[in-house]
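Okay, so here's the structure we're looking at.
The values are calculated or read from the model by the stated rules, or taken from the named source; none is laboratory data. No experiment lies behind these values; they were computed from the predicted model shown. Positions of Cβ are backbone-derived with ideal geometry, glycine not excepted, and every protein chain shown enters the neighbour counts. Calculation scope for accessible area: heavy atoms of the full protein, side chains included, ligands and nucleic acids excluded. Shrake-Rupley method; radii C 1.70, N 1.55, O 1.52, S 1.80 Å.
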Amino acid sequence: MNLPNKLTMLRVLMIPLFVVLLLWDHGENQILRMISLVVFCIASLTDYLDGQIARHNHMVTNFGKFMDPLADKLLVCSALICLIELNQLPAWYVIIIIAREFIISGFRLVASDNGVVIAASWWGKFKTAFQMATVILLILNIPGLSIITTIVAIIAILLTIISLIDYIVKNKNVILDGGM
């Protein structure tokens, strides 16, 4: 269990704390809401740090390859589902994001069974950054930033769709001929 893997596990362990803080009193307690934002930002930062440390110090492990993207999905999807509960996002928006994650995970599973490793694309990295920015802006819930929040949320959903299409096009052989 090296440092990058510990950071990944820390991110996973922070998710329940984040959810409880955000949803406490249905998000009406602004102090807890801001603490939840800090927890989310720290958890998001561990996503960046674990990857940088693992690559820079040649500490990439199979555990990290599996858990890092899973931890990211759990963090972002948990936040988005909470924002539905708080009436800040429509369910269809979150369904598109979660559906994309299931499809990509399915592709990766089939590829892995055939000994093929599918790297994350820049589209996917931008998608994650915009999804996290959307979550942060929605948790802040500043009326003066509503137009910016809407624009960032639209970019996030567009990048979600574009990254899915890019992923399918680049990796269609995984499904069509078993990854060979």
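Arrange the residues Glu101, Glu85 by how much accessible surface each exposes, largest first, with a 1.4 angstrom probe.
On the way: Glu101 15, Glu85 100 Å².
Per-residue accessible area, sorted high to low, gives Glu85, Glu101.
For the chain, what is the calculated [θ] at 222 nm in deg cm²/dmol (nearest 500), taking -39500 (n - 2.57) for each run of four or more DSSP H residues and dividing by its residue count? Mind dumping the intermediate values first?
On the way: 7 runs with 144 residues, N = 180.
Calculated from helices alone, the mean residue ellipticity at 222 nm is -27500 deg cm²/dmol.
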With springs connecting C-alpha atoms under 10 Å apart, model the chain as a Gaussian network and identify which of Pro143, Pro16, Pro90 has the largest mean-square fluctuation.
-> Pro143
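Rolling a 1.4 Å sphere over the protein heavy atoms, what is the accessible area per residue of the chain, to the nearest Å²?
On the way: 9930 Å² over 180 residues.
The answer is 55 Å² per residue.
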With the dipole of the chain defined by +1 on each Lys or Arg Cβ and -1 on each Asp or Glu Cβ, the option from Pro143, Ile53, Leu83 whose Cα lies farthest towards the positive pole is Ile53
HN-Hα couplings for the range 115-125 via Karplus (6.51, -1.76, 1.60; θ = phi - 60°), in whole Hz with x for Gly/Pro, come out as x, 9, 9, 9, 6, 5, 9, 5, 4, x, 5
The simple spin-label model distance between Thr150 and Leu45, using points 7 Å out along Cα→Cβ, in nm, is 3.2 nm
Cα centre as origin, Lys/Arg/Asp/Glu Cβ charges: the chain dipole, Debye | 360 debye
